[in-house]
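Let me begin by presenting the structure, written as structure tokens, before commenting on it.
The values are calculated or read from the model by the stated rules, or taken from the named source; none is laboratory data. Just so we're clear, the structure is a prediction, and the values are computed from it rather than from any experiment. Counting neighbours? That spans all protein chains shown, and the Cβs are built from the backbone with ideal geometry, glycine included. Accessible surface is based on the protein model in full, side chains and every heavy atom, while ligands, DNA and RNA are left aside. Shrake-Rupley method; radii C 1.70, N 1.55, O 1.52, S 1.80 Å.
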2 protein chains.
Amino acid sequence: MAPIREMLAGTGLTEQQWRVLRVLDEFGPMDASRLSREAGLMASSLTRIVQSMMTDGLVTRETPASDRRRQVIGIASRGQKVLVENRDAALEIAENLRDRLGERDLERLLDLLEALAEVDPRN
Amino acid sequence: MAPIREMLAGTGLTEQQWRVLRVLDEFGPMDASRLSREAGLMASSLTRIVQSMMTDGLVTRETPASDRRRQVIGIASRGQKVLVENRDAALEIAENLRDRLGERDLERLLDLLEALAEVDPRN
DNA sequence: TATCAATAGTTGATATGTTAAGCAAATTCC
DNA sequence: GGAATTTGCTTAACATATCAACTATTGATA
């Protein structure tokens, strides 16, 4: 992930914040539980990450009337800006990885990691 | 690594502290640079980890006269005790993983991870 | 419907990851 | 042999991981 960190160096975003934005960009606004699953972040970490992203104008948060326990997170304007400015570079990094490792090996790796995760479903 | 954490729950050790003990147990005393490589810890993290392990009586630290920049880390008595008390359980956890994932897949996974690390040698 | 249990998030404490800056001892090199 | 560089380690600052405890809602149920 070092290349991603380099990409984000100028923006002040962390990898995890970037992941939050990407998930929201892909699936649209969602509540914190799902967001934490999709982004691979623990709920307690996500709480704090969203807080700092809100004060940085990267995301918005609102409580739906249907269930006032929930927090629905969405992309804010500065978040949209960061996404637009870095999407291409991120794709390039991903392609570069695929090229260097090889399509086949990358897929094998992902499969094996998934199998590993299922050995102990807590993760 | 969750099972390892469970194993250590009673001891007050962290995964990383356990890794430090295991490396020292396998290779004997060594300086901090090598220890950080072998245990997969950043030098700055290792500094703090060794400090807290020293105050917990898990490891010792001394400066060799030949190079007074170095810190040679060794196992202290309580560290030896923790090792002895958990070595078997740790082996069992490793075997269990090998069984569940399969010898072949585990090896493939390790190979692929190594290849991945070499794509970007910074890690 | 009053209670109890489950769900969704939050917070606090502690440990590590990451980066940058800094210090002291050893090495290099003119 | 002394300035400049490199090496080995440490510290500081900030972010996340992990676990436990806690609040507020909602849902279930007797």
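Is it the case, given these coordinates, that B:Glu118 is open to solvent by 50 Å² or more (accessible area, probe 1.4 Å), at pLDDT below 90 and either more than 18 Å from the chain's Cα centre (by Cα) or farther than 30 Å from B:Thr60 by Cβ (or both)? Yes, satisfied. Among the residues of the stretch B:12-52, the ones that are of a type in the set (Asp, Glu), assigned to a helix (DSSP H, G or I) and either touching a Lys or Arg at 6+ places or on another chain (Cβ under 9 Å) or in contact (Cβ under 8 Å) with a residue 60 or more places away in the chain (or both) come to 3 in all. Residue pairs whose Cβ atoms lie under 6 Å apart, sitting 6 or more positions apart in sequence or on different chains, and linking a residue in the stretch A:94-118 that is within 23 Å of B:Gly102 (Cα to Cα) to a partner that is modelled with pLDDT under 90 and open to solvent by 100 Å² or more (accessible area, probe 1.4 Å), are A:Ala117/A:Asn123.
Restricting A:Arg108, A:Arg98 to residues that are part of a helix (DSSP H, G or I) and facing chain B (nearest Cβ under 9 Å) narrows the list to A:Arg108. When B:Lys81 is tested against (1) within 16 Å of DNA strand D (Cβ to nearest atom); (2) open to solvent by 90 Å² or more (accessible area, probe 1.4 Å), only condition (1) is not met.
Is it true that some residue in the stretch A:37-51 is away from DNA strand D (no atom under 12 Å from the Cβ) and surrounded by fewer than 17 Cβ atoms within 10 Å (Cβ to Cβ)?
Residues of the stretch A:37-51 away from DNA strand D (no atom under 12 Å from the Cβ): A:37-38.
From the residues that got through so far, the ones that are surrounded by fewer than 17 Cβ atoms within 10 Å (Cβ to Cβ) too are A:37-38.
Within the stretch A:37-51, one or more residues are away from DNA strand D (no atom under 12 Å from the Cβ) and surrounded by fewer than 17 Cβ atoms within 10 Å (Cβ to Cβ).
Taking the criterion of being part of a loop (DSSP other than H, G, I, E, B) and within 12 Å of A:Gln17 (Cβ to Cβ), the only residue of the stretch A:58-75 that qualifies is A:Leu58. A:Arg104 passes every criterion in (1) within 26 Å of B:Glu118 (Cα to Cα); (2) open to solvent by 100 Å² or more (accessible area, probe 1.4 Å); (3) modelled with pLDDT of 95 or more apart from (3).
For the stretch A:75-95, the count of residues that are at the interface with chain B (Cβ under 9 Å from one of its Cβ atoms) and at pLDDT below 95 is zero. Checked against (1) under 30 Å from B:Leu113 (Cβ atoms); (2) within 10 Å of DNA strand D (Cβ to nearest atom); (3) touching a strand residue (DSSP E or B) at 6+ places or on another chain (Cβ under 9 Å), B:Arg5 passes all but condition (3).
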